[in-house]
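Derivation of every value follows stated rules applied to the coordinates shown; laboratory data play no part. Fair warning: this is a prediction, and the values are worked out from it, not measured in the lab. Reconstructed Cβ throughout: ideal geometry from the backbone, glycine too, with neighbour counts over all protein chains shown.
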Protein chains: 4
Amino acid sequence: MDPLNIGIIGMGRIGKIHADNLLRMPRVKLAAVSDLYADEALAQWAAERGVPVATRRSEDLLEDPDIQAVFICSHTDSHVPLIVAAAKAGKHIFCEKPISLDPARTKEALDAVREAGVKLQIGFNRRFDHNFERVRELVRAGRIGEPHLVKITSRDPSPPPEDYIAKSGGIFIDMTIHDFDMARYLIGGDIEEVYARGSVLVDPAFARYGDLDTAVITLKFAGGALGVIDNSRRAVYGYDQRVEVFGSAGSATVENDHPNTAEISTAEGVTRDKPLHFFLERYNEAYVKETRQFAESLLDGADVPVDGNDGLQAELAALAAKWSVRLGRGVKLRELGDTERLTKEALDKEATLA
Amino acid sequence: MDPLNIGIIGMGRIGKIHADNLLRMPRVKLAAVSDLYADEALAQWAAERGVPVATRRSEDLLEDPDIQAVFICSHTDSHVPLIVAAAKAGKHIFCEKPISLDPARTKEALDAVREAGVKLQIGFNRRFDHNFERVRELVRAGRIGEPHLVKITSRDPSPPPEDYIAKSGGIFIDMTIHDFDMARYLIGGDIEEVYARGSVLVDPAFARYGDLDTAVITLKFAGGALGVIDNSRRAVYGYDQRVEVFGSAGSATVENDHPNTAEISTAEGVTRDKPLHFFLERYNEAYVKETRQFAESLLDGADVPVDGNDGLQAELAALAAKWSVRLGRGVKLRELGDTERLTKEALDKEATLA
Amino acid sequence: MDPLNIGIIGMGRIGKIHADNLLRMPRVKLAAVSDLYADEALAQWAAERGVPVATRRSEDLLEDPDIQAVFICSHTDSHVPLIVAAAKAGKHIFCEKPISLDPARTKEALDAVREAGVKLQIGFNRRFDHNFERVRELVRAGRIGEPHLVKITSRDPSPPPEDYIAKSGGIFIDMTIHDFDMARYLIGGDIEEVYARGSVLVDPAFARYGDLDTAVITLKFAGGALGVIDNSRRAVYGYDQRVEVFGSAGSATVENDHPNTAEISTAEGVTRDKPLHFFLERYNEAYVKETRQFAESLLDGADVPVDGNDGLQAELAALAAKWSVRLGRGVKLRELGDTERLTKEALDKEATLA
Amino acid sequence: MDPLNIGIIGMGRIGKIHADNLLRMPRVKLAAVSDLYADEALAQWAAERGVPVATRRSEDLLEDPDIQAVFICSHTDSHVPLIVAAAKAGKHIFCEKPISLDPARTKEALDAVREAGVKLQIGFNRRFDHNFERVRELVRAGRIGEPHLVKITSRDPSPPPEDYIAKSGGIFIDMTIHDFDMARYLIGGDIEEVYARGSVLVDPAFARYGDLDTAVITLKFAGGALGVIDNSRRAVYGYDQRVEVFGSAGSATVENDHPNTAEISTAEGVTRDKPLHFFLERYNEAYVKETRQFAESLLDGADVPVDGNDGLQAELAALAAKWSVRLGRGVKLRELGDTERLTKEALDKEATLA
């Protein structure tokens, strides 16, 4: 069988992770990489690994008839135009999250994908984590009965730099989006309503951009199940990624992963090492698996494991969270269609408070 | 030193627990017990333990000049009149939670206590649990820095019978009230705003009384710290009582208590016994401690560890949670003074939805 | 039913623990206590608790026809004569471990008990620990299949004072004796052979008395199952009491008990409190249970849960361990009958080494 | 820098593991592989991975001047002649454990290595396990003070087939050898004396070859520290690999690794998945690390992390264990030089028993 030729657009940190994983994969060939700022260093990177093309022009990949699929790892702003262009060029697509900061534009991208009949996988890598996969498996197998509640703790070890905060789109679209997807994945259903409450407790920089760094989000699913997510931009003990699904027949929980199981008992107490530091350590294997499953779905004609609608639903939940903070009430996802009405309510509320 | 003479009003399950604990305490004498339904069995119970008086009339205790303090363990409806009467009689008071289902009446009781200059301790027994005490100690010592988030999981092993549901006052005042108090205790601050969302997923009986059996409650504290409580009326694996306080310098968590630490590893997996079944098992020691500290605060002239305001604050949070469900928005505790305005908003909202 | 009248001989720390536990027990009356050094303080202790007799003469207890049973909590040297005297007086007996430092004298005591037809329970309190009971239950229920291996970790938090060391009889009879009994209890079979190896690593005082403070002991049971015990006189992190039984169908393990389950995660790591400090904290409930079961076996005519042969077998294992260290080889318990031959072998070996 | 050219002799399961790991390594080239039974399948394996040479003749590798180092992954019997030949050919050597079943022959191999001035690393892969490395680090850093005791649990998930048992050399040289090395590694010192006791409880096949399947081994180290290893050929719940080092200032323990941290709580109990199944799962990363450190020590001129003496010491301990079972006593490693005396003692003992 001919190998699958893949190109990567955007060779920042995450583009390089995908490249390394694709390079180790049988039946896959990394045929080209592009980056707006491609330079000598990238050329050398490619040469050392036998990647034939390293270019500044993403068009070079999209126009190459031998390339069957592209990874879109560039800046969020470029996702929609690149998805549209790739779809038109008949390429299958793996796109990093979020598709965009605006669900309307995300829908444009999904329309283009549907029309072109190509596959689109969204980079919700956490779905491929060994712990969360196991919880999903237990839920799907009915081991906890009917799900009543999903709980997600998701805290970063340290806040991003201020210039990142300025352009991130806010905590819900930048950080919680993974948790919205995880909640849908674990419980196997759609979010209907979101209530969010947050504070700036970690770094005043967040306040300067109207953002939050600490948040609690309540979810309501179709059928009445509830969800709760708590986020912080700084857990000094490392990346805190735990979930629980509680149901009529029991509960499934996962704790953090630690670099080892060593415990030292001394006159002071019993101590073990902190959890794995951040996403590169914790989700190392998950990145490999999401890439492999994408490649396999193309090679074997299977469905991609995370599709465009998954990307859209998480964005809608993030948007609802943002409105919820502004309005001080729970916001249903189906309300998001009527922006005018939401805006009016917000202005009324703000007028009353003023 | 003369012993402290104590009487107990209401000899149901919880009254008997306090009785047993008082009987083992040095410097304390259980001088009398009363119960509206006192019968031959109670008389015998008292005789076997050397308790000189077992009566149907609580007045017998309140009028006895040798009794310095009473435990009020009767039905919630009777708490306020009994507190008022006991205060007027100059007795110190230990009262089970909640003081009442109505903060206005609770305030009457607290006024009577203040005027009489007696001590009043509320039966928030969980504050005396070895695990929660340790978390509070760590928070107070600054070990987690500034608190940002308090998380409480609180789930009963099985729902109460329907006749209990009918009179309980609803999940927030009956069950979450302990968690509101725990949140205040752990974080060492007052709740400013409550948002609650719930479902009926466990037993349709709850719906018949306009009640919920599964709930997620978001709290906002003075200073911006957040809290989240999740409740269920049925965790099939037993009583689920876990907390976490997360802050600028770390996080303190406690897991459930189990009857033993045995783990059995077989070809099927690694298994240990379920958590302790319910509050009698889990809070056994906590009941002893709260009683002892009440007695000691009377004998030694110290402050009681949980006072009337603690009781009131938890009731206010429960009331705010109830309004929040009705209004679909976060409700500040200070809004509770203007019931008229809340009612109007609720009616408007219900009219819109109709 | 008339209560059971019990007397206690020897009112040191352990005597007082039993006294406190008996005093809280229904159907039981603590009728008298004796201590060679009984003084005003003991008289007051007895008065405060309503114990009618506090005397220096154990005979006062043994001659009192109303006393049905005695606890022997005096010095080890006095155990055998007191057991013999109590048995002759027709009293049932609870005796602290070891019965004696010499199996031949222990057998005399057991003979007297058998002739008198009284009951004798030995104070192997650890059998009543919630963790070890659960492991025994799992083993007995066949959950781990046929037992192949029992492992016991048993370490004290700190060594005893030198004057205690001088008279203790050595680590095997003083400390490991509990572990020999635990091994027999968990596996449900008799020890056939013992190999012991030790060092003085904690405190040179042990060397001055020909004793050891760190030891590893291998056991062989009838049927081929193996056992291993490790002892230390000083675990700086507290009392270390863990066991495992491994078999053809799995393994059952218990960890130490901790005062709470709190974990604190900081930039330095994840820490919890040390295990419970020593036997008073760890075996608090076990002391209550062994006393209650003794009383119940007298009141209800059941067998005592730990009998004289259990005491003897643990002493024989301790003696075999002592010979093993001297001879440098595994020693079978049935070899202990021929002391002459063992002595000759030891002298030969020592001559060769000299 | 030119890459390091490496050849592999013996392309069974372990040879292929090393091959895969070397193929992913920068600065390293897998230049040739040999196997006595090389066939079309191996040729294809090599072709797919760009390995230029696949041969039946190990000489082809040893005579190739471009190859700087060889991995010896062939049958144990061939290790010594191959080490000697490779050393003479000036190749650095990575050899699987054990070097041989006979310490005298092992010494020959080490002599050849010394004379040739090449490097020799032994395949004690467990030293590179994340858990054991962390314990060693804690011990080396003095966190537990002076080591008093090392405890190793090492149990396979299921016994090998009978034809393997027939040629394995027995449990001590085949299985415990890893644990002897681990004990030396963790405690940082040499074993002086070994006492071993075992049974056949898992599979009667072991008895047919004079072998054991369940064993407890006591170690004594220079300075008086003790060690204890327990082995079983069948732990039905999976590969059981735990260690503890206990010392004057505390204790460091590691538990098994599990495939995930998921816990499911139901009405039956709390369950998690079994430990990782066997060495391929558990020591996956350790194999990568030992290979990388070998390559790096050649490229950077550093010492190899596990040398020939480490291989010899573990074999001596295994031999001492074997003699200990036969003699029924502790055997010092320095006694192994006088085989005649040990044989005489064994025959005397066996005569006495007969």
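From the square roots a ≥ b ≥ c of the eigenvalues of the alpha-carbon gyration tensor of region C:4-118, which class results: rounded (a/c under 1.5), prolate (a/b over b/c), or oblate? Note, shape of region C:4-118 comes out prolate. Considering the rotation that superimposes chain C on chain A, the residue of C whose beta-carbon lies nearest the axis, and that distance in Å, is C:THR271, 2. Across region D:189-196, rounded Karplus estimates of 3J(HN,Hα) from the backbone phi angles (6.51 cos²θ - 1.76 cosθ + 1.60, θ = phi - 60°) give x, 9, 7, 9, 8, 10, 10, 10 Hz, Gly and Pro being marked x. Counting other C-beta atoms within 10 Å, and keeping those with at most 12, which DSSP coil GluC sites (Glu not before Pro) do you find in region D:42-82? Those satisfying the criteria are D:GLU63.
What's the magnitude of the charge dipole for chain B around its Cα centre, counting Lys and Arg as +1 and Asp and Glu as -1 at the beta-carbon? Answer in Debye, nearest 20.
Numbers: 44 positive and 56 negative charges, 111 e Å.
With only Lys, Arg, Asp and Glu charged at Cβ, the dipole is about 540 debye.
For C:ALA354, the point set 7 Å out from Cα toward Cβ sits 3.4, 10.6, 10.9 nm from its twins in the other copies, listed from shortest up. Considering the options A:GLY10, A:TRP323, A:VAL53, tell which one lies farthest towards the positive end of the dipole of chain A, charges being +1 on Lys and Arg and -1 on Asp and Glu at the Cβ, about the Cα centre. Ranked along the dipole, the leading option is A:TRP323. What the pair-distance distribution of region B:127-283 shows, using all Cα-Cα distances binned every 10 Å from zero, is 10, 35, 32, 18, 4, 0 percent. Comment: the Cα-to-Cβ extended label point of C:ARG114, at 7 Å, lies 6.4, 7.8, 9.1 nm from its counterparts in the other copies, nearest first. In nanometers and ordered shortest first, the copy-to-copy spacing of the A:GLY142 label point, defined 7 Å from Cα toward Cβ, is 2.9, 5.6, 6.1.
Ellipsoid fit via the Cα gyration tensor, chain D: semi-axes of 33, 26, 22 Å, each the root of five times an eigenvalue, largest first. For region C:42-132, the Cβ-based charge dipole about the Cα centre amounts to some 280 debye (Lys, Arg positive; Asp, Glu negative; other atoms uncharged). Within the listed set B:PRO161, B:PRO204, B:PRO147, the residue fluctuating most in the Gaussian network model of chain B (springs between alpha-carbon atoms under 10 angstrom) is B:PRO161.
Projecting the Cα atoms of D:THR261, D:GLN241, D:THR343 onto the charge dipole of region D:226-354, computed from C-beta unit charges around the Cα centre, puts D:THR343 farthest toward the positive end.
With the alpha-carbon atoms of region C:185-239 aligned to their principal axes, the span from lowest to highest coordinate is 39, 26, 12 Å, starting with the largest.
GNM remark for chain B: springs join alpha carbons under 10 Å apart, and the peak mean-square fluctuation among B:ILE93, B:ILE83, B:ILE165 falls on B:ILE165.
Relative contact order for region A:286-354: what is it in percent, counting Cα pairs under 8 Å that are at least 6 residues apart?
Details: 26 pairs, mean separation 12.6, N = 69.
Computed value for region A:286-354: 18 percent relative contact order.
So how do B:SER158, A:SER251 line up by other beta-carbon neighbours within 10 Å, fewest first? Before the final figure, lay out each step's value.
Numbers: B:SER158 15, A:SER251 28.
Going from sparsest to densest Cβ surroundings: B:SER158, A:SER251.
Think of it as helices only: each DSSP H run of n ≥ 4 in chain D is worth -39500 (n - 2.57), and spread over all residues that comes to -11500 deg cm²/dmol at 222 nm. Here the protein assembly as shown yields Rg over Rh of 1.01, to two decimals, using C-alpha coordinates and the Kirkwood radius.
Given the options C:ILE187, C:PRO65, C:VAL33, identify the residue whose Cα lies farthest towards the positive end of the charge dipole of chain C (+1 on Cβ of Lys, Arg; -1 on Cβ of Asp, Glu). Farthest along the dipole direction, towards plus: C:ILE187.
Across peptide A:274-287, how many C-beta atoms of other chains are within 10 Å of each residue C-beta, on average?
On the way: counts 7, 3, 0, 0, 0, 0, 0, 0, 0, 0, 0, 0, 0, 0.
For this peptide, the per-residue mean of nearby foreign Cβ atoms is 1.
Loop-resident chymotrypsin sites (Phe, Trp or Tyr not before Pro) (DSSP state other than H, G, I, E or B) in region C:20-91 with no more than 15 further Cβ atoms inside 10 Å of their Cβ: C:TYR37. Which of rounded, prolate, oblate describes region C:216-304, given a ≥ b ≥ c as roots of the alpha-carbon gyration tensor eigenvalues and a/c under 1.5 marking rounded, otherwise prolate only if a/b is larger than b/c? Oblate.
What's the FRET efficiency of A:LYS167 with B:ARG208 using the Cβ-Cβ distance as r and R₀ = 51 Å, to the nearest 0.05?
Details: r = 52 Å, r/R0 = 1.02.
Efficiency computed from Cβ-Cβ geometry: 0.50.
Spin-label pair B:ASP338-B:ALA302: with each label point 7 Å from Cα along the Cα-Cβ axis, the two points sit 4.3 nm from one another. Per-residue shielding of D:224-230, expressed as the average number of other chain Cβ atoms within 10 Å of the residue Cβ, stands at 6.
Could you please rank B:ARG127, B:ARG143, placing first whichever residue has the fewest other Cβ atoms within 10 Å of its Cβ? Could you put the intermediate results ahead of the total?
Values: B:ARG127 23, B:ARG143 18.
Going from least to most buried by this count: B:ARG143, B:ARG127.
About its Cα centre, the dipole of the protein assembly as shown is roughly 0 debye, where the only charges are +1 on Lys and Arg Cβ and -1 on Asp and Glu Cβ.
Does region D:98-175 classify as rounded, prolate or oblate by the C-alpha gyration tensor (a ≥ b ≥ c root eigenvalues; a/c under 1.5 gives rounded; else a/b over b/c gives prolate, otherwise oblate)? Spell out each step's value before the answer.
Values: a/c = 2.40, a/b = 1.19, b/c = 2.02.
It is oblate, given that a/c is not under 1.5 and a/b is not larger than b/c.
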